[in-house]
Protein chains: 2
Amino acid sequence: MNIGTASDKSGLPPKTIRYYEDIGLLKPGRAENGYRDYSMSDVHKLRFLQRSRGLGFSVEECRQLLALYEDKERASADVKAIAQSKLGEIERKILELRELQHTLQHLVAHCHGDQRPDCPILETISGRN
Amino acid sequence: MNIGTASDKSGLPPKTIRYYEDIGLLKPGRAENGYRDYSMSDVHKLRFLQRSRGLGFSVEECRQLLALYEDKERASADVKAIAQSKLGEIERKILELRELQHTLQHLVAHCHGDQRPDCPILETISGRN
DNA sequence: GTAATCTTTCCAGTGAGTGGAAGGTCAAGG
DNA sequence: CCTTGACCTTCCACTCACTGGAAAGATTAC
């Protein structure tokens with residue numbers, strides 16, 4: 001199938017699919033006319049990439065995951081290690097996000113919402129101390 | 001203080017601090033010798049940038065967030081509106097991350113982490129379950 | 001006094017795409 | 001058969017938010 005169909009089936013834009021080929025993630029066949037020709041197996045890999053990128057894995061991590069996916073003798077310990085390190089990152093991000101949420105909530109709570117320019121929280125945070 | 005100290009205190013690399021100056025996020029003073037000279041107020045802004053960037057806000061969004069601290073002449077109603085819209089974004093980000101966290105936690109919990117070839121993480125990513 | 005460690009500027013490269021031009025191909029309608 | 005429009009191809013440039021490195025000047029430590 002052509003790249004457009006593969007794009008529809010995988011959820012990845014054609015540009016991205018070509019980019020993934022550029023960086024060696026998958027090599028589809030070529031039709032007589034020079035068009036890329038995607039097999040169902042290629043589409044499965046594209047979907048795999050689409051999902052794992054969406055889970056926050058970097059392209060390099062996706063390359064590793066894809067290799068493990070393709071390798072029937074893979075060790076699931078490798079996959080687990082990658083996923084666990086991602087979990088650590090996610091947790092840190094959530095904690096930081098909550099901190100920022102707190103800061104902004106204070107800001108909003110103490111903001112009069114009228115035309116007066118004074119805002120005690122702004123003054124504090126902008127480093128008067 | 002010099003850029004190195006500001007870097008230590010803010011957690012941002014000197015390169016990034018200079019970049020933020022380049023794109024007009026903050027303009028430190030200059031010492032006699034031409035070195036950038038950071039005040040505590042500058043350091044607070046840098047720390048704020050460090051946090052908000054780490055949470056997925058774009059530099060343009062950070063510019064707006066920073067304006068909440070800097071622009072004391074702004075009608076506080078505007079300040080409040082911007083802060084509240086950012087709060088909405090933060091909440092959505094937290095929810096998204098929690099979903100991702102749940103998915104990955106579930107997958108890690110069911111992954112044996114041994115040499116057996118079946119791995120629920122890969123199976124899920126590849127979309128057959 | 002000299003070596004190590006800043007700091008400065010500028011230029012180039014990264015990751016992960018995205019946009020657009022110039023041209024080749026294909027299926028449908030008149 | 002011809003044209004139109006939707007595809008497809010390559011290539012080059014651009015994005016964003018940095019990051020690395022070179023060359024040169026300033027400061028600090030022994």
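The values are calculated or read from the model by the stated rules, or taken from the named source; none is laboratory data. The model shown is predicted, which means the values in this text are computed figures rather than measured ones. Glycine also receives a Cβ, built like all others from the backbone with ideal geometry; neighbour counts cover every protein chain displayed. With ligands, DNA and RNA removed, areas are computed over all heavy atoms of the protein, side chains included. Shrake-Rupley method; radii C 1.70, N 1.55, O 1.52, S 1.80 Å.
Summary of computed values
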item: Flag for A:ARG92 being within 7 Å of another protein chain (Cβ to nearest Cβ) and open to solvent by 60 Å² or more (accessible area, probe 1.4 Å); result: no
item: Sole residue being assigned to a helix (DSSP H, G or I), within 16 Å of DNA strand C (Cβ to nearest atom) and touching a Leu at 6+ places or on another chain (Cβ under 7 Å), chosen from A:LEU107, A:LEU100, A:LEU46, A:LEU87; result: A:LEU46
item: Count of residues meeting criterion [open to solvent by less than 30 Å² (accessible area, probe 1.4 Å) and touching a Phe, Trp or Tyr at 6+ places or on another chain (Cβ under 9 Å)] in the stretch A:18-33; result: 3
item: Matching option when the condition is open to solvent by less than 30 Å² (accessible area, probe 1.4 Å), at pLDDT 80 or above, within 29 Å of A:GLY54 (Cβ to Cβ) and out of contact with any Lys or Arg (no Cβ under 8 Å at 6 or more places or on another chain), among B:LEU107, B:LEU87; result: B:LEU87
item: Residues satisfying the stated conditions in the stretch B:1-17, i.e. open to solvent by 50 Å² or more (accessible area, probe 1.4 Å), more than 14 Å from chain A (Cβ to nearest Cβ) and more than 8 Å from DNA strand C (Cβ to nearest atom); result: B:ASP8, B:PRO13
item: Residue list for the stretch B:49-67, restricted to those being open to solvent by less than 70 Å² (accessible area, probe 1.4 Å), in a helix (DSSP H, G or I) and in contact (Cβ under 8 Å) with a residue 24 or more places away in the chain; result: B:LEU49, B:GLN50, B:VAL59, B:GLU61, B:CYS62, B:LEU66
